[in-house]
Each structure stands twice: as C-alpha cells, then as structure tokens.
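Before any comments, here is the structure.
The values are calculated or read from the model by the stated rules, or taken from the named source; none is laboratory data. Nothing here was measured: the structure is a model prediction, and the numbers come from that model. Heads up, the Cβs are rebuilt from the backbone with ideal geometry, glycines too, and the neighbour counts pull from every protein chain shown.
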Amino acid sequence: MPLYNRRAAASPPPEPATPLSLGALLAQVRAALHHRFPDSYWVVAEVAEMTRPRQVGGHCYLTLTEPAAGAEALGFTAQARATLWGSRYAQLAPAFAEATGQELRPGLRLLLRVKVTFHEQYGFSLDVLALDPSYTVGELARQRLATLRKLREKDLLERQQELSLPLGPQRLAVISSPTAAGFQDFVRQLEEAPYDFALTLFPALMQGEGAPESIRAALDQVRARRGQFEVVILIRGGGSKTDLLAFDEYGLAAAVASFPLPVLTGIGHERDEAVVDLVAHRALKTPTAVAAFLVDRLARLESLLLDLAERVADLSRQHLASRHQHLQRLADHSREAARQQLRLAQAALAQRSRQATQAPRQHLRQLGQHLESYRYTLPQAARRALGHEAQDLRHRSRTVLRRFVRHHQRKREELLKQQFVMQRQFELKITAYKLKIAALEAAGLRNENQQLRRLL
C-alpha cells in the first residue's frame with residue numbers, strides 16, 4: 001500500500017510481513033511527494049541564510065523561512081532548504097538585481113516558483129525555478145514606507161533640518177571606504193579647490209550586510225569627537241546600485257537623523273533616494289557633487305565677504321568724506337570767528353588807546369588840584385601833628401621818669417638789704433674767729449694762734 005493513500009493513513013497500518021529498509025521508506029516518501037506535488041508552486045518566503053556560488057556556474061543554496069506572525073513574535077513557523085542551480089542562478093540573479101536594485105541576500109522577502117524535491121540522502125528541498133522581482137520591489141517599498149512612518153512617529157524625519165549648516169564648513173568628518181573611487185574623487189576635488197579643508201576619514205563598509213552597523217560605529221566615533229568638526233560627510237562611490245538597501249535600514253537612518261552635526265550624503269545613485277538621504281541635512285547625488293557643494297558654499301561665502309568688505313570700504317570713504325566736509329565747515333567757521341574776534345579786539349584796543357591818551361591829562365589835572373589843596377592843608381596838618389607829637393613826647397617822658405624812679409628805688413633797697421646781710425655775716429664770722437682764738441690761746445696753742453693771726 002502506498003504511503004500517500006490518505007484512507008490508509010487514517011487507520012492503523014497492518015503489521016508488515018518484513019520491515020522496510022530506510023532507503024525503501026524514503027523512496028516511498030519521495031514517490032508520495034512527487035505524486036502529491038507534481039507541479040511547481042509560487043511560494044512567499046524570507047531568505048534567512050544564503051551561500052553564494054564560489055565560482056562561475058556554481059550553485060546557490062538558500063534557507064527559506066516564514067517568520068512568526070505579529071510584531072512581537074520571534075523565530076519562524078516554517079523553514080526549508082532551497083537550491084538555485086548554477087545555470088538558473090546565472091540567469092535569475094542578475095535579472096532580479098536589475099529589476100529590484102537589490103542583490104539576493106538574507107533578509108529579503110521573495111516570491112519564488114519552486115518544485116518540491118526529496119532525496120534519500122539529502123532530504124527535503126525546494127528547487128527554485130523562478131523569482132518574481134515585482135513582489136520584492138513592492139515588499140521593499142512597503143518596508144521603506146514602514147521605516148519612514150516609524151521615523152516620523154519618533155520625530156526623526158526632519159530632525160536634521162533643525163540644525164544650522166555653517167556658511168563655509170571646512171572641518172569635515174568623512175565616513176567612507178578609503179579604497180572607494182568616489183572617496184578618491186571627493187578628496188581630489190577638494191584638493192584642487194583654492195580653499196583649505198581639514199578632512200578626517202572614519203573608515204566604514206559602504207556596501208554589504210555589515211554596512212549599516214559599520215557606518216553606525218563610524219558615526220559613534222565622530223560623535224565622541226564632534227567638537228572638532230562642523231559637518232559629517234557620508235559618501236559612497238564605485239559600487240553597484242544593488243548595494244543601496246543598507247541606506248534604507250531603520251537603525252542607520254535613525255542614527256543619521258538624530259546626529260548632533262549636519263550630515264551631507266553623496267551615496268552615488270542618480271534615480272532614487274535612500275531613506276538616509278531623506279533624513280540627512282542635505283542629500284546630493286555623488287561624492288563629487290558633495291565636494292562641489294562645499295567648494296561652492298565657500299566661494300559664495302568668500303564673495304559675500306568681499307562684497308561686505310567693499311561695502312565697508314565704501315561706507316568708510318563716505319564717512320571720511322562727510323567728516324572732511326564737516327571739519328572744513330568747522331575750519332571756515334573758526335576762521336570767521338577768529339576774524340570777528342580780531343576785529344573786536346582791534347576796536348577795543350583803539351578805544352583803550354584813546355582812553356590812554358586822555359587819562360594822563362586828566363590825572364595831571366587831578367594831581368595839580370591835589371597839590372594845590374596840599375599847599376594850604378599841609379602847614380596846618382604839620383602844626384597839628386607837631387602838637388600831637390610834643391604832647392605825646394611829654395607824656396612818654398613822664399612815664400619813663402616814673403618807671404626809672406621806681407626801678408632805682410627797688411635796686412637801692414635790694415643793695416641795702418644785701419649790704420646788711422653781708423655785714424651781719426661778716427660780724428658773725430669775726431666773732432667766731434675771736435672766740436676760737438681765745439680758746440686756742442687758753443689752751444696754749446701758740447703756733448695755731450700764730451697761723452690764725454697770719455690768716456687774719
């Protein structure tokens with residue numbers, strides 16, 4: 001009884017006369033699957049793992065999964081191995097990349113036409129016969145819209161536009177691959193410009209699965225040194241347009257949108273804008289376009305400064321001319337005022353000159369009148385003065401005489417007192433000597449008496 005008989009499967013199988021070998025059992029499984037799934041089927045699945053061909057004509061091996069439903073769900077509800085045989089891979093992979101702008105890679109959700117296969121040694125597998133790029137394009141568009149919606153909900157979509165871009169940024173933090181042709185073109189164009197740019201490269205992967213994480217790590221390095229830079233340049237060049245999906249990744253777009261410095265992008269695609277372009281402060285098509293933008297901005301700043309310098313010079317010249325005219329008017333006014341003062345001084349001098357010639361005559365007449373009056377008044381005044389002086393002299397003479405008499409009497413009394421005292425002292429000494437002589441004589445001291453007598 002074949003294994004694919006459903007009715008038989010519903011009831012317990014009878015005990016086999018002899019046991020089946022594993023190969024026989026798996027052969028029946030293969031036959032059952034072939035009988036049950038004889039055609040090819042369109043299947044929606046997500047690429048969980050992928051092993052690319054190592055050489056031209058090689059096979060591509062996929063692990064397809066169906067993620068668990070719901071935003072909070074983890075893991076998957078179904079999984080199967082799939083194979084893109086070499087000739088078919090060489091045909092389908094380039095066509096898919098051309099149509100979607102993305103290479104086959106893990107994380108893509110695909111619509112595949114597959115045929116169910118089973119091999120006794122390798123087990124269950126799906127042979128990929130065709131890919132529907134339009135489904136993937138729609139899925140990528142849906143993911144892109146979901147990313148943009150999430151950025152808008154977190155108020156990140158226009159966060160970069162709130163930052164002010166310097167008029168002429170020259171301190172640049174560049175995130176790129178050092179070997180990329182676009183980076184070399186960017187550096188060359190800046191070096192050829194007549195301005196000095198300080199460029200610091202933060203190397204990062206710009207394509208492939210590790211690109212978003214690598215670029216975010218470079219942004220973290222720039223953030224740690226953000227005081228040294230005025231703007232961040234994110235450029236990519238020389239790669240395939242199929243490598244742009246990294247710049248639609250939410251984590252990278254959020255990191256760019258929330259960065260504290262203005263971010264300029266030149267990712268190198270002409271037709272479409274990545275999500276990173278939409279959240280950046282300014283998005284340009286290519287690295288050379290970014291360089292041209294920076295050079296042009298400095299050129300416009302230089303032109304503005306030159307215009308301002310010319311305006312300042314014109315205003316200075318106008319101000320100096322105005323001040324010169326003002327000083328000229330002040331000088332003219334000063335000269336006129338000096339002339340007026342000179343005329344007034346000359347008039348005053350003439351008036352004083354006339355007064356000076358008249359004043360001596362008047363003064364002489366006044367002196368003559370005074371002399372004439374003195375002629376009569378001086379003798380009288382002299383007599384009065386002499387009388388006063390004589391009277392004063394007599395008064396002073398009497399005063400001096402009285403003072404002299406009193407002084408003479410005092411001196412005479414003092415001399416008499418001194419004479420009396422000295423006389424009294426002398427008498428006392430004589431008496432004492434006499435008494436002593438008498439005593440010595442009485443004692444018989446002749447010699448001493450003679451000596452005393454000589455002394456006396």
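A few points about this structure:
- The conditions of being among the charged types (D, E, K, R) and over 21 Å from GLN102 (Cβ atoms) are not met by ARG149.
- Criterion: of a type in the set (Ser, Thr, Tyr), farther than 19 Å from LEU252 by Cα and surrounded by fewer than 17 Cβ atoms within 10 Å (Cβ to Cβ) - qualifying residue of THR136, THR200: THR200
- Residue in region 121-134 that is more than 16 Å from ALA246 (Cα to Cα) and assigned to a helix (DSSP H, G or I) present: yes
- Among the residues of region 271-308, those identified as part of a helix (DSSP H, G or I) and acidic (Asp, Glu) are ASP277, ASP296, GLU302, ASP307.
- Test: residue in region 115-127 that is of a type in the set (Phe, Trp, Tyr) and exposed (fewer than 14 other Cβ atoms within 10 Å of the Cβ): yes
- Residue in region 318-331 that is surrounded by 10 or more Cβ atoms within 10 Å (Cβ to Cβ), over 36 Å from the mean Cα position of the chain (by Cα), at pLDDT 85 or above and charged (D, E, K, R) present: yes
- Among the residues of region 34-50, those identified as more than 16 Å from CYS60 (Cβ to Cβ) and of a type outside the set (Asp, Glu) are HIS34, HIS35, ARG36, PHE37, PRO38, SER40, TYR41, TRP42, VAL43, VAL44.
- Filter result for ALA274 (out of contact with any strand residue (DSSP E or B) (no Cβ under 7 Å at 6 or more places or on another chain) and in contact (Cβ under 8 Å) with a residue 24 or more places away in the chain): yes
- In region 171-194, the qualifying residues are those that are assigned to a loop (DSSP other than H, G, I, E, B) and surrounded by 15 or more Cβ atoms within 10 Å (Cβ to Cβ), and the one that is nearest to the chain's Cα centre (by Cα) is ALA193.
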